[in-house]
Amino acid sequence: MRFRSPEIPDAEVDWTPMIDVTFQLISFFMFVINFTVAEVDQRVQLPSSPLAKPSEEVWEFPIFLHLTTSGTVVAGGAELALDEVKRFLLRETELLRYQDKSPDQANVIIRADSATPMELVQQLIQTCRDAKLENFHLRAKEEKSTRGNSPLGQ
Amino acid sequence: MRFQRRFGQQHATDIDMTPMIDVVFQLQIFFILTFKIVAPEGDFNIKMPLAGPSVSTPIDQDLPPLRLRMEADAAGQLAGMALNQTPFESFDALHQHVVGLIGNDRGPDSFQESAQLELDFDPQLHYRFVIDAITAVSGVLTEDGQIVKLIEKIKFAPPRGSP
């Protein structure tokens with residue numbers, strides 16, 4: 001007696017669920033992608049505030065200064081001592097003049113670490129004022145919770 | 001003579017999905033690699049006009065500025081604060097006081113528009129307490145997430161020990 005081997009059907013992978021999920025993922029990433037160049041620095045941990053909402057207006061000629069707790073300033077990709085910031089600012093204001101703009105049209109965005117002594121913030125602001133800059137924005141990260149009763153020293 | 005009916009014969013058309021899947025995966029890898037989780041950030045505006053000789057140049061001469069004095073301990077923590085000599089135990093109490101001061105006086109030429117606050121702090125005070133103070137005096141967050149402005153003109157007193 002002869003036996004016939006059973007016919008094995010061609011195994012086909014059903015790609016439909018995988019393509020569905022992949023398209024869902026692409027849609028998600030397309031919605032959340034943000035092409036704006038966020039000026040952040042891991043060395044600086046911003047304080048939080050419920051009023052620190054992302055601004056709808058885009059600052060004209062922003063100059064980002066990241067102030068660390070040790071008093072160094074991260075600006076233009078380099079870590080500078082406070083007395084070196086003046087040279088950086090002069091370069092920035094020179095660039096503004098090339099564009100027929102004055103320094104008072106620039107916006108200095110100070111991203112200071114939450115534990116930075118205010119003395120250093122004051123020194124940085126004074127350095128900026130020496131470079132004829134006068135618009136300052138103190139940056140904080142948005143706090144989702146509502147305002148709490150914050151006792152002193154906590 | 002018999003003709004074969006060719007028109008009725010239909011072949012199953014297979015779409016080659018491989019290029020599309022390739023492109024889709026390329027896209028997905030691009031999006032995954034460029035995905036950054038950045039916490040939303042906002043700014044508090046401080047205007048420091050250069051017209052005057054010092055940092056403490058009054059923004060508006062009409063009203064004397066409110067003066068918030070903030071004292072720090074040696075570690076930079078907040079040790080005490082007083083608004084025009086009135087001490088406050090918490091930022092929440094300060095906030096409630098400022099809300100009471102501003103009241104419903106809003107609009108052009110109102111107290112809310114002309115009020116100005118000078119922050120005077122010890123040099124070692126940490127930055128976060130100043131942000132907390134600015135938060136307490138500069139606005140109210142409503143239930144629907146809108147910000148109702150309180151004092152908008154905020155400036156820093158000259159550094160302690162400076163001429």
Task: For chain A: relative contact order, % (alpha-carbon pairs under 8 angstrom, 6 or more apart) - done: 28
- [ ] Go ahead and estimate [θ] at 222 nm for chain A from helices alone: -39,500 (n - 2.57) per DSSP H run with n ≥ 4, summed, over the residue count, rounded to 500.
- [x] -9500 deg cm²/dmol
TODO: Report, to the nearest 10°, how far helix A:85-98 tilts away from the longest principal axis of the Cα atoms in chain A, using its own Cα long axis and a range of 0 to 90°.
DONE: 80
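Calculate the mean, over all residues of peptide B:149-156, of how many other protein chain Cβ atoms lie within 10 angstrom of the residue's Cβ.
Values: counts 1, 1, 0, 0, 0, 1, 1, 6.
Mean shielding by partner chains, rounded to a whole number: 1.
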Open item on the list: Just the number please: accessible area per residue for region A:48-142, 1.4 Å probe, all protein chains included, in Å².
Closed with: 44
TODO: For a quick protection proxy, order the peptides B:76-83, A:39-46, B:105-112, A:133-140 by their average other-Cβ count within 10 Å, most packed first.
DONE: A:133-140, B:76-83, A:39-46, B:105-112
Task: Under the Karplus curve 6.51 cos²θ - 1.76 cosθ + 1.60, θ = phi - 60°, whole-Hz ³J(HN,Hα) for region B:80-93, x wherever Gly or Pro sits - done: x, 8, 8, 9, 6, 6, 8, x, 10, 8, 8, 5, 5, 5
- [ ] Could you order peptides A:97-105, A:65-73, B:152-160 by the average number of other Cβ atoms within 10 Å of their residues, highest first?
- [x] A:65-73, B:152-160, A:97-105
- [ ] Find how many whole Å separate the alpha carbon centroid of region A:115-139 from the alpha carbon centroid of region A:64-113.
- [x] 10
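To the nearest 100 Å², how much accessible surface do chains B and A hide from each other in total, with a 1.4 Å probe? Present the calculation step by step, with values, prior to reporting the outcome.
Numbers: alone 12600 and 12260 Å², together 19730 Å².
Summing both sides, the interface buries roughly 5100 Å².
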Open item on the list: Past 28 Å, Cα to Cα: identify those pairs from A:Lys101/B:Lys36; A:Lys132/B:Lys36; A:Lys144/B:Lys36; A:Lys86/B:Lys155; A:Lys101/B:Lys155, in the order given.
Closed with: A:Lys101/B:Lys36; A:Lys132/B:Lys36
TODO: Evaluate the charge dipole of the protein assembly as shown about its Cα centre and quote only its size in Debye, nearest 20, assuming +1 on the Cβ of each Lys and Arg and -1 on the Cβ of each Asp and Glu.
DONE: 700
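Within 10 Å of each Cβ in peptide B:132-140, how many partner chain Cβ atoms are there on average? Round it to a whole number, please.
Numbers: counts 7, 0, 5, 10, 4, 0, 2, 4, 3.
That works out to 4 on average.
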Task: 10 Å Cβ neighbours from other chains, averaged over peptide A:133-142 - done: 6
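Can you list which of the chymotrypsin sites (Phe, Trp or Tyr not before Pro) found in region A:1-64 are DSSP loop residues with at most 13 other C-beta atoms within 10 Å? If you can, show how the numbers build up before the last one.
Numbers: sites: A:Phe3, A:Trp15, A:Phe23, A:Phe28, A:Phe29, A:Phe31, A:Phe35, A:Trp59, A:Phe64; in loops: A:Phe3, A:Trp15, A:Phe35, A:Trp59.
Answer in residue order: A:Phe3, A:Trp15, A:Phe35.
The values are calculated or read from the model by the stated rules, or taken from the named source; none is laboratory data. Owing to the predicted nature of the structure, the values given are computational and were not obtained by experimental measurement. When we count neighbours, we look across all protein chains shown, and the Cβ atoms used for this are built from the backbone with ideal geometry, even at glycine. Note: areas computed on protein heavy atoms with side chains; ligands, DNA, RNA excluded. Shrake-Rupley method; radii C 1.70, N 1.55, O 1.52, S 1.80 Å.
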